[in-house]
Amino acid sequence: MGKRKSLLLLVLVLFSALVSSVGGHWREREEGEESEQRTQGEKWFLLRHLHDVVKTEAGVMKLVKGGYRRGTSFHSPMHIGFISMEPNSLFIPQYLDSNLLLFVHHGEARVGHIYRDELAERSLKPGDVYTIPAGSAFYLENRVENQRLHIICSIDVTSESMGWHAFQSFFIGGGIYPTSIIAGFDHSTLSTALNVSAAELSTFLTRQSSGPIVHLSGSHHTHIWSKFLAQEPHKRLAHLKRIANFEEETIPKEEESTWSLRKFLFTLLNREDVVERVNHKAPSAYNLYNRKADFKNEFGWSKKLDESNYSPLKISGNGVYLVNLSPGSMMAPHVNPTAIEYGIVLKGTGRVQIVYPNGTLAMNARVREGDVFWVPRYFPFCQIASTNGPFEFFGFTTSARRNHQQFLVGKNSLMQSLRGPEFAAAFGISEKRLKRIANAQSEQVILPSSSPASPHHYKATEPERKKMVKFEKMIGSFGNDMIMGFD
């Protein structure tokens, strides 16, 4: 009898080991496939590859490129740029073939650009949002001593960018590096048009060699742009006329546009008379930090900016948002039905989860300060803050219209709106059970922590608890019998 019991016990142990081994194999295989899928999703939706667009002693511009994601049909229609400028520096005058939307993260800046054929200047502070249209000549200055300037910007992926680079800068000023667009004309023609000698022209076109971001006077070295802007108004005007007359001869009148070199140089060099007159007409910056939260509860807040709040966003066709989540809280799973969304982590750490249309997990990535992620239109997603601190992220959307996010769970969610026999049938459950599940979450938009200490954490009913205790006792008894059998 004892031998039969021992043999039976041995068979049970071997069978248990076999089931455990097979189960472990399949679990490892499934986990491996999920891990591979998440890794692939991170390659597509987590944008960590920064490219240097400009790099000089005075500053850097890095870019996360948009366009088609390699090996997929996903198209990211926006580049995300990061501009960092040393104190007392200048991003020299240029225009782009794409709309530019600026957000000042740290520091203070002065931006000048063409607005209605004139030069408009604005002082920008942290939290300010400002738009520069494609083709509008502009420059950026960091005049503050002992403080770096950090700007996050969105740049459209346009069909008109000629495919040379992610986007194309046309530098109005320059020399050896970068080369001014003026230098492309035949030098004999240019010398005649400017009414200067070949030697003077050569000096004019080769003096600048410090790159697109340069130090101004009073810093590392005195620069040609500093001398240029420091001239007496009548001297600047005289220099202006020589260049302006040249452009009038080379460009037909009907082809002049708002970024005309003649107009830009005229206002830049004679700006005392012009800037004061045009500044009251040009759009002001909008400070996102000072905006009242569009949604706020004890778990965090969110702010959204669209064309109804700030009309210049119509130019770029983009919206802007800012979210702050308290430790452990979550932006409820939701969908953007009208726009693609880009996010840049400003503070803290957290997770971003994105789901494919077929209901499988596309990405569950841990993100930190400086990371960039994007979510295709219609894809469900959520953001979750780490428990060790607040999680703040800023971003752009590809629509300037009011973005009506559709939340999938929570008090204001689709689960509440669609509650009924049809929705219950879709899940294969009763309406009563669906109602209990839908009403379990009393919060909306930003949800509390899922820790066991949370009052929203699921608690077993008394009958369920008794069953669990009985099962634990049964398992304990079976274990004792096994030990006695081996004895």
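The values are calculated or read from the model by the stated rules, or taken from the named source; none is laboratory data. None of the values given here were measured: they were computed from a predicted structure. Every residue, glycine as well, gets a Cβ built from its backbone with ideal geometry; the counts of neighbours run over all protein chains shown. We work out accessible area using only protein heavy atoms, side chains counted, and drop any ligands, DNA or RNA first. Shrake-Rupley method; radii C 1.70, N 1.55, O 1.52, S 1.80 Å.
Can you tell me which residue within segment 410-429, out of those that are open to solvent by 90 Å² or more (accessible area, probe 1.4 Å) and in contact with a helix residue (DSSP H, G or I) (Cβ under 7 Å, 6 or more places away or on another chain), is modelled with the lowest pLDDT?
That would be R419.
Take the residues of segment 177-200 that are part of a loop (DSSP other than H, G, I, E, B) and farther than 16 Å from Q94 by Cβ: which is most open to solvent (accessible area, probe 1.4 Å)?
N195
For segment 371-407, name all the residues that are among the small types (G, A, S) and more than 19 Å from L447 (Cβ to Cβ).
Those that are among the small types (G, A, S) and more than 19 Å from L447 (Cβ to Cβ): G395, S399, A400.
Quick check on Y342: is it among the aromatic types (F, W, Y), within 21 Å of Q40 (Cβ to Cβ) and over 15 Å from the mean Cα position of the chain (by Cα)?
no
Name the residues in segment 312-331 that are at pLDDT 95 or above and either in a strand (DSSP E or B) or open to solvent by 20 Å² or more (accessible area, probe 1.4 Å) (or both), would you?
Once the filter is applied, which keeps residues that are at pLDDT 95 or above and either in a strand (DSSP E or B) or open to solvent by 20 Å² or more (accessible area, probe 1.4 Å) (or both), segment 312-331 yields G319, V320, Y321, L322, V323, N324, L325, S326, P327, M330, M331.
I want to confirm something. Restricting to segment 39-69 and keeping residues that are among the acidic types (D, E) and outside any strand (DSSP E or B), which single residue is surrounded by the fewest Cβ atoms within 10 Å (Cβ to Cβ)?
E57
Is there a residue in segment 105-123 that is in contact with an Asp or Glu (Cβ under 6 Å, 6 or more places away or on another chain) and open to solvent by 10 Å² or more (accessible area, probe 1.4 Å)?
There is at least one residue in segment 105-123 that is in contact with an Asp or Glu (Cβ under 6 Å, 6 or more places away or on another chain) and open to solvent by 10 Å² or more (accessible area, probe 1.4 Å).
Identify, please: which residue in segment 340-361 is buried (at least 21 other Cβ atoms within 10 Å of the Cβ) and touching a Lys or Arg at 6+ places or on another chain (Cβ under 8 Å) and is, among those, farthest from L408 (Cα to Cα)?
Of everything passing the filter in segment 340-361, V345 is farthest from L408 (Cα to Cα).
I'm trying to understand the selection: among the residues of segment 362-402, which are under 14 Å from M331 (Cβ atoms), open to solvent by 10 Å² or more (accessible area, probe 1.4 Å) and β-branched (V, I, T)?
I384
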